[in-house]
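The values are calculated or read from the model by the stated rules, or taken from the named source; none is laboratory data. Owing to the predicted nature of the structure, the values given are computational and were not obtained by experimental measurement. Backbone-built Cβ (ideal geometry, glycine too); neighbour counts: all protein chains shown.
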Amino acid sequence: MALAPSADGVLTATGLSYLAHCPHAPLRFVRSGFAQPALGEAFLEVPVIEGLARRVYRGFAARLREGCPRVRGGRCQRGCPSACARRVYTIAAADDEAMPEALHAFLVGGFDHGREVRSLAARDPRIAQAEAFHTLAVNESEKARQFVRFSELSTGAFFALYTPKANVLPLVAGHFARRMEGERFLLADPKHRTAVLLSEGRLVCGPLSEDEVAELSRPHELSGVERSVRALWKRFYDALALPGRGKLERGYDLRANFMPKRIAEGLVELDPSVDDGWSEGAWAEAMEDGEAEAEGRARKPHARPVSREDATQNGAPGFAGSAVAGWLGGAGS
Amino acid sequence: MDTLAKLEILADAAKYDAACTSSGVERGPKKGAIGVASNAGCCHSFTADGRCVTLLKVLLSNACTHDCAYCVNRVSNPVPRATFEPAELAQLTIDFYKRNYIEGLFLSSGVLGSADATSERMIACLELLRGPYRFGGYVHAKVIPGTDPELVDRLGRLADRLSVNVELPSAESLERLCPEKHAEDVLAPMAQIHASMHSGRLLGTGAVSHGTSEGAGSVYSTVKPDARTAALPASGLVRKSSARRGGPRGEAFCPAGQSTQLIIGATPESDRDILSLSTSLYRRFGLKRVFFSAYMPIADDPRLPDPETPVPLRREHRLYQADWLMRFYGFEASELVAGDAPFLDLDVDPKLAWALTVPDRFPVEVNAASRETLLRVPGFGPTSVRKICRARRAHRLTFDDLDRLHISLKRAGFFITCSGARSPRFIASPEAIREKVVSDAASSAYNRARRENPRQLTLF
C-alpha cells in the first residue's frame with residue numbers, strides 16, 4: 001500500500017486492510033511516491049480517511065488499555081509516562097522510509113498482543129525499529145523544547161525557525177503554547193514544511209506550502225529591543241563558563257555532545273556577531289528606543305487571528321494559505 | 001552602570017554555584033500570566049565547559065560583606081561590584097523566558113550588610129516577578145545562612161526551590177575558611193524548610209519527599225526514580241504529581257524541595273566523609289539534591305590548596321556517580337567507600353568498583369534476576385533493565401536478543417549470563433576485569449587527548 005507518511009496515513013491503510021479482510025503478513029506499506037514494486041507486487045494508493053484513522057486509533061488505544069494496571073475507570077491516566085497508544089504519533093514523526101512498515105508492525109502487534117507489544121522488540125526487527133523511531137522522536141522533541149530560539153518581531157509577535165531530524169513540531173506545539181500563554185508566536189520547520197501558530201489563545205498546527213517556506217525563510221524586521229536582548233543573553237552565556245573545566249582539561253568537548261553542530265549553528269549564544277560593538281552607551285540607547293517602540297505598539301490592535309477555518313479555506317495544501325504571510329507581513333505593518 | 005555590564009559581573013559572580021536545575025514541580029499556564037514549570041525541567045544551553053544552562057543564574061548583588069576564603073565575592077577580593085534593581089532583573093527574566101532561553105530565575109546574592117537585609121531585597125524582586133510581571137516559570141532562590149525564619153517562609157512561598165549551601169563538608173572547615181558563617185546558621189533554615197514542606201504535604205500541597213524506609217526509590221529518591229527499585233515508603237506517602245503542584249503566589253511552600261552544595265577539594269575531607277554527610281542531609285532534611293562543586297583555585301591563601309592545583313574534575317564526577325547510585329540504585333554510602341579506602345576509585349566508576357569487590361554475587365542470569373539485582377550490574381541502567389524486564393516476559397533472552405535491544409554489553413558482559421551462557425567478553429578474575437576496563441578507558445578518545453595534550457599552548 002502506498003500511503004502518506006503520517007500517522008493518519010498508516011492508520012487508514014491498516015483500517016482498510018482490516019475491512020478488506022486482507023492478511024497483514026503479505027502487505028507492504030511504503031511512502032507514496034517512493035513505492036518501487038517487487039516482482040509480482042502491485043501498489044494501491046491509499047488516501048487519508050480521517051474518520052477511519054480515528055476509529056483505528058481508538059480501537060488500538062482500547063486494546064492497549066486492556067489489563068493495564070495504570071488504567072482507572074477504563075481510561076488512561078493523564079500524563080501516564082508509558083503513553084502507549086500515543087507512540088503511534090511519535091513513531092510516525094520519523095522521516096525514515098521504513099516508518100510506515102515499522103508503524104504497521106507496531107499496530108498489528110498491538111492489536112494481537114495488547115500492551116505487551118513492546119516486549120516483541122527483541123525478536124521482531126520491525127517493532128525494534130518502531131521503538132527506535134519513537135526514541136528518535138522523543139529525543140528530537142526534547143531538543144526542540146531546549147533549542148528553539150524565538151525572536152521578537154517588530155509586530156511584538158515571536159518567531160522561530162527550527163529544523164529537527166524528525167517532524168516533531170506537532171508534538172511540542174502544546175508545550176510552547178502553554179509556555180507562551182497570552183503571546184503570539186509562529187514556529188516553523190522548513191525541512192518538514194510544518195508550522196505551529198499561536199494567536200489570541202488559539203493554537204494551529206499544519207503543513208506549509210513551498211511559497212510559505214520561502215516567505216518564512218527570508219529575514220524579518222525585528223523589534224527594537226531584540227538585538228539588545230540577544231546581546232544580554234550572549235554576555236550572560238559567555239560569563240557562565242568556568243575556567244579549568246573546558247575542552248582542553250577534559251580532553252573532549254562536552255558541550256558538543258549536548259549541542260550538536262546542526263543545532264549550535266542556529267543558537268544566539270554561539271553567534272559571535274551578536275555581541276559585536278555593544279559599548280555601554282550604545283546598548284542603553286538601543287534599549288530606550290526599543291522600549292519606546294514597544295509602548296507605541298501596545299496601543300495598536302492585534303492582527304486578525306488565524307483560525308483553523310482560515311487554514312482550510314485559504315489554500316490547501318498550504319498551512320494557512322496566505323495566513324502565514326499575512327501573519328508576518330500584516331501584523332508587521 | 002547599565003544592565004549589560006551588571007549582568008556580566010553578576011553572572012560571572014554566580015557561576016560557581018553548581019545547582020542549575022528546573023525540575024521537581026509541575027505547574028500549568030494561567031490566564032494573563034506567562035510561564036509554566038515542568039516536572040522534568042529543561043536545559044536550554046550548555047556552557048563551554050559542558051554545564052547545563054536552564055535558569056538565569058545571577059546574584060542580586062556581589063557586594064558581599066563576608067570574607068569566606070574560597071569565595072570569589074569575598075569582601076577582600078578586588079573585583080568590580082554591581083547590584084541589580086528588582087525591576088531590572090524581573091524584566092530580564094521575562095525577556096529571556098519569552099525567547100526560550102531559560103526556564104526561570106536562579107536568584108542568589110552576596111550578603112549586603114546582613115542576611116535579613118539581603119533576603120528582603122531578594123523577596124522584593126521575586127514579589128515583583130510573581131506579582132506585576134505574573135511570571136509562572138521556575139524560581140530557585142538561595143537562602144542566606146542566618147536569615148530570619150519569617151523571611152525564609154516568605155521566600156519559600158515565592159520560589160519553587162530553595163537551597164542553603166553547606167559549602168564545606170565539616171564544621172571545622174567552615175569555621176576555618178568562613179569565620180562569619182556557623183554550621184547552625186546553615187542547618188537551621190534547612191530544618192525549617194524541611195518542616196514547612198512536611199506540613200505542606202500534610203495539607204496536600206508542596207513538595208513530595210520520601211519516607212523513612214531504606215533502599216532506592218525511598219530514602220534518597222525525593223525525585224521520582226525511573227526504576228521502581230524498592231518498596232514505597234512505609235508511611236504511605238506516595239509520589240503523586242498532583243501533590244507537587246503549587247501555585248506561584250503562595251499556595252505552596254517550596255514545591256520543588258530544597259538542595260545544597262558541597263565544595264570538593266578545598267578542604268581535606270575524604271569521599272567517605274562527603275558521602276556520609278550527603279546521606280545524612282538526604283535523611284534529615286529530605287533534600288532533592290546534593291550538588292558537588294570541584295574547587296577551582298581562585299585565591300592565594302595558605303588555608304587553601306595551591307593555586308596551581310588542577311580542578312578535581314574526575315573526583316567530582318565519581319561523587320556524582322556515587323550519589324546517583326545511592327538515590328536511584330539502592331546503594332549505601334558504606335558499600336561504595338568500604339574498607340580502608342576512604343576515597344572513590346578514580347579509574348573505574350563506583351558501581352564497577354563495588355562489583356569487583358563482591359565477585360561472589362556475579363554472574364547474574366538476566367532471565368531470572370530481579371530488577372534490583374540487574375540494576376546493580378555494571379553497565380546496566382534503568383533503561384536497559386526496563387527493556388530486559390519487558391522483553392523477557394515474551395521469551396527467554398539470548399545475547400543476540402540483547403544486541404537487538406541495543407543493550408551494551410561492554411561492561412555488563414563480565415557480570416551476566418543469558419539462558420545459562422556466558423558472554424564472549426566474560427573474564428573470571430576481578431583483577432583482569434579491572435585491568436581490561438582501565439586499558440579500554442585509557443585508549444578512549446577522552447584519555448588519549450588528555451595524555452597527548454595535557455596543557456597545550458595556544459598561539460598568541
## Note on the structure
Looking across region B:148-165 at residues that are part of a loop (DSSP other than H, G, I, E, B) and surrounded by fewer than 24 Cβ atoms within 10 Å (Cβ to Cβ), the single one that is modelled with the highest pLDDT is B:D148
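For (1) over 26 Å from A:E152 (Cα atoms); (2) more than 9 Å from chain A (Cβ to nearest Cβ); (3) crowded, with 24+ Cβ neighbours inside 10 Å, each residue gets a yes or a no:
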{"position": "B:G28", "(1), (2), (3)": "no, no, no"}
{"position": "B:A48", "(1), (2), (3)": "yes, no, no"}
{"position": "B:R51", "(1), (2), (3)": "yes, no, no"}
{"position": "B:P78", "(1), (2), (3)": "yes, yes, no"}
{"position": "B:A82", "(1), (2), (3)": "yes, yes, no"}
{"position": "B:L92", "(1), (2), (3)": "no, no, no"}
{"position": "B:F96", "(1), (2), (3)": "no, no, no"}
{"position": "B:F106", "(1), (2), (3)": "no, yes, yes"}
### Query
Which members of region B:33-46 meet the condition of being assigned to a strand (DSSP E or B), facing another protein chain (nearest Cβ under 7 Å) and of a type outside the set (S, T, N, Q)?
B:I34, B:F46
### Query
In the list B:Y97, B:Y133, B:Y101, which residue meets the criterion of being part of a helix (DSSP H, G or I), farther than 16 Å from B:L60 by Cα and among the hydroxyl-bearing types (S, T, Y)?
B:Y97
### Task
Counting only residues that are of a type in the set (A, V, I, L, M), at pLDDT 90 or above and under 25 Å from B:S429 (Cα atoms), give me the helices (runs of 4 or more DSSP H) lying completely in region B:309-393 with at least 3 of them.
B:350-357
### Within region B:46-91, considering residues that are of a type in the set (F, W, Y) and under 24 Å from the mean Cα position of the chain (by Cα), the one nearest to B:L304 (Cα to Cα)
B:Y70
### Query
Scanning for something within 14 Å of B:T267 (Cα to Cα), in contact with a strand residue (DSSP E or B) (Cβ under 6 Å, 6 or more places away or on another chain) and of a type in the set (A, V, I, L, M), does region B:314-329 turn up at least one residue?
no
### Query
Can you tell which of B:A369, B:A322, B:A338 is surrounded by fewer than 18 Cβ atoms within 10 Å (Cβ to Cβ) and either touching a helix residue (DSSP H, G or I) at 6+ places or on another chain (Cβ under 7 Å) or of a type outside the set (K, R) (or both)?
B:A338
### Task
List the number of the failed condition for A:A144; all other conditions in (1) more than 7 Å from chain B (Cβ to nearest Cβ); (2) surrounded by fewer than 23 Cβ atoms within 10 Å (Cβ to Cβ); (3) closer than 19 Å to B:C43 by Cα hold.
(2)
### Message
Please go through region B:242-274 and give me each residue that is at pLDDT 90 or above and more than 18 Å from B:T309 (Cβ to Cβ), ordered by number.
### Response
B:F253, B:C254, B:P255, B:A256, B:G257, B:Q258, B:S259, B:T260, B:Q261, B:R272, B:D273
### Query
Within the bounds of region A:19-41, is there any residue that is modelled with pLDDT of 90 or more and aliphatic (A, V, I, L, M)?
yes
### Any chance A:F133 is away from every other protein chain (no Cβ under 11 Å), under 17 Å from the mean Cα position of the chain (by Cα) and assigned to a helix (DSSP H, G or I)
yes
### Query
Which of the following residues is among the acidic types (D, E) and within 25 Å of A:F158 (Cβ to Cβ): B:E88, B:E8?
B:E88
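A quick yes/no check of all residues on (1) over 19 Å from B:Q321 (Cβ atoms); (2) facing chain A (nearest Cβ under 9 Å); (3) at pLDDT 90 or above:
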residue: B:D400; (1), (2), (3): yes, yes, yes
residue: B:A412; (1), (2), (3): no, no, yes
residue: B:I416; (1), (2), (3): yes, no, yes
residue: B:G420; (1), (2), (3): yes, no, yes
residue: B:A428; (1), (2), (3): yes, no, no
residue: B:S439; (1), (2), (3): yes, no, no
residue: B:Y446; (1), (2), (3): no, yes, no
residue: B:R451; (1), (2), (3): yes, yes, no
residue: B:Q456; (1), (2), (3): yes, yes, no
### Task
Tell me, please, whether a residue that is in a loop (DSSP other than H, G, I, E, B) and either of a type in the set (K, R) or within 8 Å of another protein chain (Cβ to nearest Cβ) (or both) can be found in region B:6-15.
yes
### Summary
Per the list (1) of a type in the set (D, E, K, R); (2) in a loop (DSSP other than H, G, I, E, B); (3) under 28 Å from A:F133 (Cα atoms), residue check on B:D403 breaks on (2)
